[in-house]
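Structure, as structure tokens:
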Amino acid sequence: MDINNFMSTKGYAEILDQEYPLVSYREEFYLNPWMIYKDDNSLGLLSKRAEESFNELSLEDWKRYGIDGWGLARQII
């Protein structure tokens, strides 16, 4: 982005969105079309991959492995 040519318009923001290097990950998240999400220091919106991983786990796994489940998760699933 060239700061000298910055425009505060929706069209310009959409162009910048498409040029953003991580735009390919956009579809992996549950987006709220009415929300502008600018908090970059949080868990953020739920990703579809995180939901899938969570759904593959069970409460039994949590009981059995506790905190160690984080490190063992890839080996367990």
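The values are calculated or read from the model by the stated rules, or taken from the named source; none is laboratory data. All of these numbers come straight from a predicted model, not from anything done at the bench. Keep in mind that these areas ignore ligands, DNA and RNA; they rest on the heavy atoms of the full protein, side chains included. Shrake-Rupley method; radii C 1.70, N 1.55, O 1.52, S 1.80 Å.
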Open item on the list: I'd like the accessible area for Leu31: 1.4 Å probe, protein heavy atoms, all chains in place, Å² to the nearest 10.
Closed with: 80
Open item on the list: What value in Å³ per residue do you get for the convex hull of the alpha-carbon atoms in the range 6-50?
Closed with: 103
TODO: Amide H neighbours of Phe29 under 5 Å, at least 5 residues apart or on other chains, H built in the peptide plane: list them.
DONE: Lys48
TODO: Mind checking the full-extension length gain between Tyr20 and Ile67? Use 0.36 nm per residue of separation minus the Cα-Cα distance, one decimal, nm.
DONE: 13.3 nm
